[in-house]
Amino acid sequence: MHRGLLYLVAIIGWFICQVLAWRISNTLEADFCVEVMNEAPQKIGTPDIMNMNQGSQFTSFAWTDR
């Protein structure tokens with residue numbers, strides 16, 4: 001069995017108190033975060049405000065240029 005870290009990104013609608021989209025990855029690449037952010041608006045529309053930490057995947061060009 002491999003041991004290591006898994007990374008979770010989840011988009012939560014605070015007003016409706018539901019997880020709109022989520023992914024788990026074994027790397028810190030930004031691609032899985034971008035996939036989740038592209039999936040979430042299909043359920044409730046484009047959010048007015050997004051709150052996130054300042055991790056490398058959220059400050060990368062893949063995230064900021066989408």
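Please treat every number below as a calculation from the coordinates, not as lab data. This is a predicted model, so every value here is computed, not measured. Virtual Cβ from ideal backbone geometry, glycine too; neighbours counted across all protein chains shown.
Can you sort 65, 31 by how many other beta carbons sit within 10 Å, fewest first? Walk me through the numbers on the way to the answer.
Numbers: 65 7, 31 14.
Going from sparsest to densest Cβ surroundings: 65, 31.
Scanning residues 5 or more positions from residue 20 or on other chains, those with amide H under 5 Å from its amide H are 11, 12, 13, with H placed 1.01 Å from N in the peptide plane. Loop-located chymotrypsin sites (Phe, Trp or Tyr not before Pro) across the range 15-60 with a Cβ neighbour count of 11 or fewer within 10 Å are 15, with loop assigned by DSSP.
Spherically averaged projected area of the convex hull of Cα atoms, the chain: 5.2 nm². The local environment of residue 25, defined by Cβ-Cβ distances under 12 Å, has a net charge of -2 under the rule Lys, Arg +1 and Asp, Glu -1. Calculated [222 nm] ellipticity per residue, helices only, for the chain: -5500 deg cm²/dmol; basis is -39500 (n - 2.57) per DSSP H run with n ≥ 4, divided by all residues, nearest 500.
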